[in-house]
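All remarks here apply to the structure that follows.
The values are calculated or read from the model by the stated rules, or taken from the named source; none is laboratory data. Note that this is a predicted model, so its numbers are computed, not measured. Backbone-built Cβ (ideal geometry, glycine too); neighbour counts: all protein chains shown.
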C-alpha cells in the first residue's frame, strides 16, 4: 500500500459537538481539520457527536483540507462505535482517522482489521489512513513498533500534556508546549520529540508536534515550531486560529529547499531513464534518503500551491 503524502503543516482540533466551531474551521487557512470525539466532548454527548462528525464529513466544505476525525482511546467503551458508526455512514468522505493514546501496536492492528472489513462490506474505494498519537510513557517506549504496525499508518503525533502526566512531570496545567520549560537546563521535551520523530521517519511516516499552549505568545510559538522543524517534524497542532500564520510559515519549505529538491528529483528521474545506479548533483553524491526527502518536499510544495 503506497502512503499518500498529505499536507500537515497545521492541524486544528475541533470539538465534534460544536457545530459553529466546525463551520468556522472550514474558512480558516489550516491544512487539516480534525473533528474530535475524544477529550473535548463530554461523555453524555459522545453518541450525538458521532452524528455531527458524519454530517460534517458529508456536507462540509473541505476544499484544500485533510478530512479527519479522532476517535476515543481503544481502552474506552466508545472507540468501537466511533469507528463503525462514522465509517459506515461517511467513510467515502474520510481521509484519516486519528487514534489517541496508543500504547501498543496491537491497537493499530485491530483498527486496521476492522476498517478493512467495513471497507469491504460497504464497497468503499478509498483507503482510510491512520495516525497514532503517542501520549504516554508506554506509547513512547513502543514508538518504533507502533510506527511499523500498519501500512495504513501515515503519521505519529506527539501528545505532550498527557505524556508529561504519565511521567508525573511538574506542570502548571498548560495544555501544550511552554509549560514550566524555563527552569530546566535545556529543553525538557527534546528526548521524546527526538525518539518519536526517529521512529516515524524510519517507518516512512510524517511526524506532528504537539501545540504551543499560549496562543497570545507568537514568539514562543515560533521558537517551538523552529525547534520541532529542526528535529524533522512536518507540522504542528494549533489550539487557536491566531497561531495558524506562524505555524504555516515555519513549516513551509523555503524557496531554496524547493529549488534544490526539484533539481534532485529531476536528476533522479533522468538517472532512472538512463539506467544509472548512482546520482550526483553539483559534484556531490545524493543518497536514497535525500531523494526521498526531496520527493516529499516537492509533493508538499505542489499541495501548498494548490491551496
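Just the residues that are free of Cβ contacts under 8 Å to residues at least 24 places away in the same chain and either touching a strand residue (DSSP E or B) at 6+ places or on another chain (Cβ under 9 Å) or assigned to a loop (DSSP other than H, G, I, E, B) (or both), please, taken from the range 217-227.
As a first pass, look at the range 217-227 and keep what is free of Cβ contacts under 8 Å to residues at least 24 places away in the same chain: 219, 223.
Correct list: 223 only.
For residue 242, are the conditions met, namely being within 16 Å of residue 215 (Cβ to Cβ) and either surrounded by fewer than 16 Cβ atoms within 10 Å (Cβ to Cβ) or under 17 Å from the mean Cα position of the chain (by Cα) (or both)? For residue 242, the condition - within 16 Å of residue 215 (Cβ to Cβ) and either surrounded by fewer than 16 Cβ atoms within 10 Å (Cβ to Cβ) or under 17 Å from the mean Cα position of the chain (by Cα) (or both) - is met. Filtering the range 5-17 to residues that are in a loop (DSSP other than H, G, I, E, B) and modelled with pLDDT of 95 or more leaves 8, 9, 16, 17. Inspect all residues belonging to the range 270-288 and state whether any of them is in contact with a helix residue (DSSP H, G or I) (Cβ under 9 Å, 6 or more places away or on another chain) and under 30 Å from residue 186 (Cβ atoms). Checked against the condition, which is being in contact with a helix residue (DSSP H, G or I) (Cβ under 9 Å, 6 or more places away or on another chain) and under 30 Å from residue 186 (Cβ atoms), the range 270-288 yields no hits at all. Of the residues contained in the range 49-67, none is found to be farther than 29 Å from residue 300 by Cα, in contact with a strand residue (DSSP E or B) (Cβ under 7 Å, 6 or more places away or on another chain) and either free of Cβ contacts under 8 Å to residues at least 60 places away in the same chain or in the same structural domain as residue 135 (by TED's automatic domain parsing) (or both).
Which condition breaks for residue 229 when tested against (1) within 18 Å of residue 6 (Cα to Cα); (2) outside the structural domain of residue 26 (by TED's automatic domain parsing)? All conditions are met except number (2). Looking across the range 17-45 at every residue that is over 27 Å from residue 306 (Cα atoms) and in contact with a strand residue (DSSP E or B) (Cβ under 8 Å, 6 or more places away or on another chain), the one that is surrounded by the most Cβ atoms within 10 Å (Cβ to Cβ) is identified as 37. For first residues located in the range 155-168 and in a loop (DSSP other than H, G, I, E, B), partners that are surrounded by fewer than 24 Cβ atoms within 10 Å (Cβ to Cβ) and lie 6+ apart or on another chain with Cβ distances below 6 Å form the pairs 167/137. Taking the criterion of being surrounded by 15 or more Cβ atoms within 10 Å (Cβ to Cβ), in a helix (DSSP H, G or I) and in contact with a helix residue (DSSP H, G or I) (Cβ under 8 Å, 6 or more places away or on another chain), the residues of the range 52-83 that qualify are 52, 53, 54, 56, 57, 80, 81, 82, 83. In the range 182-201, the qualifying residues are those that are under 28 Å from residue 153 (Cα atoms) and part of a loop (DSSP other than H, G, I, E, B), and the one that is modelled with the lowest pLDDT is 188.
Taken over the range 1-16, the criterion of being surrounded by 18 or more Cβ atoms within 10 Å (Cβ to Cβ) and out of contact with any helix residue (DSSP H, G or I) (no Cβ under 7 Å at 6 or more places or on another chain) is satisfied by 6, 8, 11, 13. Within the range 95-120, the set of residues being touching a helix residue (DSSP H, G or I) at 6+ places or on another chain (Cβ under 9 Å), under 12 Å from residue 82 (Cβ atoms) and outside any helix (DSSP H, G or I) comprises 97, 99, 100.
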